[in-house]
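The structure appears right after this line, and notes come after that.
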Number of protein chains: 4
Amino acid sequence: MSKRKDILKATLDLIHEEGLQSVTFSKIFKKANVGSGTVFNYFSSKEELVNEVYREARIHMGEALLEGYDSSLGLYERFKQLQMNRLKFGMQSPKEYLFIDSYSYSPYISPELRHMEDHSLEVFNSVLAEGQKQGLIRPIDPRLCYQIINGVISSILKGYFVQKYPLDEQQIQQTLEASWKAISL
Amino acid sequence: MSKRKDILKATLDLIHEEGLQSVTFSKIFKKANVGSGTVFNYFSSKEELVNEVYREARIHMGEALLEGYDSSLGLYERFKQLQMNRLKFGMQSPKEYLFIDSYSYSPYISPELRHMEDHSLEVFNSVLAEGQKQGLIRPIDPRLCYQIINGVISSILKGYFVQKYPLDEQQIQQTLEASWKAISL
Amino acid sequence: MSKRKDILKATLDLIHEEGLQSVTFSKIFKKANVGSGTVFNYFSSKEELVNEVYREARIHMGEALLEGYDSSLGLYERFKQLQMNRLKFGMQSPKEYLFIDSYSYSPYISPELRHMEDHSLEVFNSVLAEGQKQGLIRPIDPRLCYQIINGVISSILKGYFVQKYPLDEQQIQQTLEASWKAISL
Amino acid sequence: MSKRKDILKATLDLIHEEGLQSVTFSKIFKKANVGSGTVFNYFSSKEELVNEVYREARIHMGEALLEGYDSSLGLYERFKQLQMNRLKFGMQSPKEYLFIDSYSYSPYISPELRHMEDHSLEVFNSVLAEGQKQGLIRPIDPRLCYQIINGVISSILKGYFVQKYPLDEQQIQQTLEASWKAISL
DNA sequence: CATGAATGAGAATTCATTCAT
DNA sequence: AATGAATGAATTCTCATTCAT
């Protein structure tokens with residue numbers, strides 16, 4: 001693995017373990033096993049490094065959300081696939097998921113990055129729009145709609161992360177169903 | 001206003017504006033208009049100060065959530081009241097709401113505080129339990145259930161905060177309804 | 001003596017002893033006997049500190065140049081007084097003199113400072129102008145004229161500083177005379 | 001041009017533009033368009049590199065000062081030739097001239113280099129000595145004498161470099177004359 | 001209580017230098 | 001020779017905290 005990747009990984013790990021406010025370069029050097037100067041060959045400052053971690057996490061999540069997505073399936077199937085993908089991504093990549101969830105609205109992340117191109121978002125919106133046209137989904141502002149279903153997954157995952165409860169197959173199904181019921185007619 | 005309150009307010013404002021990781025005492029002194037030594041007459045360290053901000057925000061929110069709550073009302077009425085209170089609190093006190101939402105799981109906040117007594121939580125749980133007994137709410141793990149309805153409000157508020165959309169009366173109603181549909185039978 | 005003065009003095013001493021390129025904050029702290037943070041309460045960066053050293057040296061020299069200057073004296077007397085003052089200042093304050101001489105044209109010193117108000121310069125120019133009007137001084141561009149007489153003193157002092165020769169009364173007189181002859185008719 | 005020359009040139013340029021204290025290898029690499037390792041094939045350290053720049057500048061100046069010097073000419077002619085050469089060298093090679101002028105007494109330049117063989121100095125001294133013997137030049141300590149005439153040129157050049165004034169033929173003549181009058185009887 | 005100058009541990013960053021290719 | 005990624009010692013600078021007034 002390249003030094004660059006070592007550094008990005010160590011940074012994400014540290015953010016997850018101790019919170020962004022206590023991540024220092026010194027901790028990053030040690031965790032990534034690189035010399036102190038090395039980081040600065042790749043990232044000109046801590047802010048840039050953290051933003052790059054964010055960018056890569058967003059790309060990773062964007063891909064995961066669309067995995068196995070089949071536009072020829074029925075609307076509800078597609079909805080469930082997308083939601084399931086999000087839930088699974090959160091369960092499998094808790095560090096990335098939490099980092100994105102926590103810092104998407106932080107001033108530390110540059111606005112350009114926050115609004116980076118995101119194909120999965122377009123797919124989500126097209127599903128919601130189609131559902132509303134078909135009369136399956138309630139006629140709510142699509143952005144509101146998106147926040148609702150996203151919020152259900154996000155909140156469930158956070159409870160899971162702090163071990164409030166396990167997330168077995170049944171509870172996963174209940175969660176997906178809840179997010180569907182929340183917006184469907 | 002007392003110096004103590006000046007300091008707490010300045011701290012919350014700064015956390016909101018720049019994120020906890022960029023809040024320094026020096027910034028707090030200036031914003032609160034107090035001498036640098038003054039803070040230490042009230043708070044023994046930065047961690048204690050931030051935790052106190054958290055504690056007061058939690059107390060404030062706890063009261064707001066139960067405002068006008070009437071246990072003699074019907075179950076759905078009570079549910080709506082609680083959810084409306086949460087949404088309204090978020091809209092009226094965005095700094096406190098966001099701070100609580102963002103840092104409740106941060107290592108910077110002491111575990112005791114995180115689990116501080118919270119009457120509103122008990123009330124929520126009793127409503128959910130009663131709803132499940134009455135067959136109005138689906139038989140899901142109550143903690144899951146709580147996360148779901150909480151997650152809807154939280155997510156809607158975050159979109160509102162970044163001005164994705166306004167929150168007028170109609171959209172508020174849609175949000176509350178969505179949170180109810182998500183868990184009701 | 002105030003900490004601020006301690007720092008300025010230590011900085012000037014170090015520049016004189018080792019040259020600007022090897023002056024570090026760490027050396028300044030030790031020499032000035034102050035904590036490392038203290039410097040930054042007074043000067044926001046090394047550049048600012050060095051510029052302040054320059055500014056104070058210029059003020060000091062400006063005062064010294066005009067010491068005992070009497071506008072009612074004859075022209076040659078006044079010329080000699082000014083030149084003597086410069087020579088004496090250099091001999092008595094070699095660190096300040098050399099620093100000004102070496103860095104007045106350095107990019108490290110801000111242009112505003114380089115062109116700071118300087119009453120002594122005006123006095124010099126008025127003496128030169130008057131001398132030219134009276135036909136005592138050759139009609140050369142006054143700025144050229146100023147550089148010539150200044151250059152004689154400066155160069156003599158540098159030789160003196162590296163102990164090429166002593167500067168006793170006779171040599172001082174010869175120097176002053178040389179600078180006069182250089183521009184007089 | 002060889003890499004070695006590229007490096008020496010880039011170094012001199014940087015010293016001129018930003019001052020020795022701000023010259024870093026990284027800047028040299030970029031300006032000279034060589035890889036970072038390349039410098040160390042030619043110079044074992046930064047100090048050695050800078051000293052080599054100094055040495056070459058001194059050699060260059062030494063040659064320029066004696067250009068067209070004809071020992072069979074009259075004394076004043078020879079004096080003027082030498083002074084003119086110095087002035088012309090400064091005007092044509094401001095970077096080298098200023099570097100020599102500024103750093104000849106810096107601890108960064110090795111003492112051996114500072115006192116390197118310099119035929120032009122001997123020539124100067126012989127002219128001054130002869131002038132004194134002939135009663136054309138005042139009987140001043142020859143080192144003082146040398147500093148005086150050198151100082152006039154140096155100072156005039158510095159004013160010219162910061163564009164205080166142009167140096168056209170008339171002003172050049174005035175400068176040479178001034179340096180002669182300063183020491184002549 | 002209120003203040004702010006002083007502090008020094010430690011964090012961010014620079015930069016000369018090495019070394020494998 | 002030429003390169004440039006990697007290094008870590010040295011440097012600049014920050015910031016929570018103390019303490020005398």
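Readers should treat all values here as calculations from the given coordinates under stated rules, not as data from a laboratory. Just so we're clear, the structure is a prediction, and the values are computed from it rather than from any experiment. Using ideal geometry, Cβ is built from the backbone for each residue, glycine included, and neighbour counts are taken over all protein chains shown.
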What net charge is computed for the residues neighbouring A:Glu17, neighbours being all others with C-beta under 11 Å from the C-beta of A:Glu17, Lys and Arg scored +1, Asp and Glu -1? +1
Normalised by the number of residues in chain C, what is the relative contact order in percent for Cα pairs under 8 Å and 6+ residues apart? 19 percent
If you take the C-alpha gyration tensor of the range A:88-155, multiply each eigenvalue by 5 and take the square root, what semi-axes do you get, largest first, in whole Å? 25, 15, 11
Hey, for D:Asp6 with labels 7 Å out along Cα-Cβ, what do the inter-copy distances come to in nm, ordered shortest first? 3.1, 5.0, 6.2
Kirkwood-Stokes translational diffusion coefficient of chain D, alpha-carbon pairs, 37 °C, 0.692 mPa s, µm²/s: 184 µm²/s
Using a cut-off of 25 Å between alpha-carbon atoms, which lysines can reach B:Lys9, once sequence neighbours fewer than 8 places away in the same chain are excluded? B:Lys27, B:Lys30, B:Lys31, B:Lys46, B:Lys88, B:Lys95, B:Lys158
Between B:Ser110 and the same site in the other copies, what are the distances in nm, shortest first, taking label points 7 Å from Cα along the C-beta direction? 4.0, 4.7, 6.5
Using DSSP to call loops (not H, G, I, E or B), can you name the GluC sites (Glu not before Pro) in the range A:115-185 whose Cβ has at most 10 other Cβ atoms within 10 angstrom? A:Glu117
Ranked by Cβ crowding within 10 angstrom, fewest neighbours first, how are C:Tyr42, B:Tyr76 ordered? B:Tyr76, C:Tyr42
Quick check: the angle from helix A:142-161's long axis to the longest principal axis of chain A, C-alpha only, nearest 10 degrees? 60 degrees
What list of ³J(HN,Hα) values in whole Hz, one per residue of the range D:83-96 in order, does the Karplus curve 6.51 cos²θ - 1.76 cosθ + 1.60 (θ = phi - 60°) give from phi, with Gly and Pro shown as x? 5, 4, 4, 5, 4, 5, 4, x, 6, 8, 10, x, 5, 5
Which residue fluctuates the most in chain A, going by a Gaussian network model with Cα springs under 10 Å, if the choices are A:Glu48, A:Glu96, A:Glu18? A:Glu18
On a 0 to 90° scale, report how tilted helix C:119-133 is relative to the longest principal axis of chain C, with both axes built from alpha carbons and the result rounded to the nearest 10. 10 degrees
I'd like the FRET efficiency for A:Tyr105 and B:Tyr76, computed as 1/(1 + (r/R0)^6) with the beta carbon distance as r and R0 of 22 Å, rounded to 0.05. 0.10
log10 I(q)/I(0) for the range B:1-43, Debye formula on C-alpha points only (no solvent), q = 0.18 Å⁻¹, two decimals, reads -0.42
With r as the distance between the Cβ atoms of B:Glu18 and A:Gln171 and R0 = 45 Å, compute the FRET efficiency 1/(1 + (r/R0)^6) and round to 0.05. 0.75
For the range D:46-55, what does the Karplus curve 6.51 cos²θ - 1.76 cosθ + 1.60, with θ = phi - 60°, yield as ³J(HN,Hα) per residue in whole Hz, taken in order and with x for Gly and Pro? 5, 4, 5, 4, 5, 5, 5, 4, 4, 4
Tally Lys and Arg at +1 and Asp and Glu at -1 over the other residues with C-beta under 12 Å from the C-beta of D:Ser36: what net charge comes out? +2
In whole angstrom, note down how far apart the Cα centers of the range A:1-23 and the range A:151-185 are. 28 Å
Sites D:Lys88 and D:Glu48 - FRET efficiency at Förster radius 22 Å, r taken between beta-carbons, to 0.05: 0.15
Determine the shielding of peptide C:154-162 by partner chains: average, over its residues, the number of Cβ atoms on other chains within 10 angstrom of each Cβ. 5
In Å, descending, principal axis extents of the Cα set of the range A:19-69: 43, 23, 19
Could you tell me which residue in chain C puts its beta carbon nearest the axis mapping C onto B, with the distance rounded to whole Å? C:Gly37, 3
Send over the Kirkwood Rh of the range A:118-185, from the inverse of the averaged 1/r over different Cα pairs, rounded to one decimal Å. 12.8 Å
Rounded to two decimals, what is Rg over Rh for the protein assembly as shown when you use alpha-carbon atoms and the Kirkwood radius? 1.20
Averaged across the residues of A:137-150, what count of C-beta atoms belonging to other chains lies within 10 Å of each residue's C-beta? 5
For chain A, find the longest principal axis of its Cα atoms and tell me its angle to the long axis of helix A:3-18, 0 to 90°, nearest 10. 70 degrees
Residues meeting the amide H criterion for D:Ile137 (H placed from the backbone, H to H distance under 5 Å, 5 or more places apart or on another chain) are D:Gln132, D:Leu185
Quick one: C:Met61, D:Met91, fewest Cβ neighbours within 10 Å first, how do they rank? D:Met91, C:Met61
Between the range B:34-56 and the range D:90-125, what is the separation of their alpha carbon centroids in Å? 61 Å
Report, for C:Leu121, each distance to the same residue's label point in the other copies, shortest first and in nm; define the point 7 Å along Cα→Cβ. 3.3, 5.6, 7.1
In sequence order, what are the phi-derived ³J(HN,Hα) couplings for the range B:69-79 according to the Karplus relation 6.51 cos²θ - 1.76 cosθ + 1.60 with θ = phi - 60°, rounded to whole Hz, with x for glycine and proline? 5, 10, 5, 8, 6, x, 4, 5, 4, 5, 4
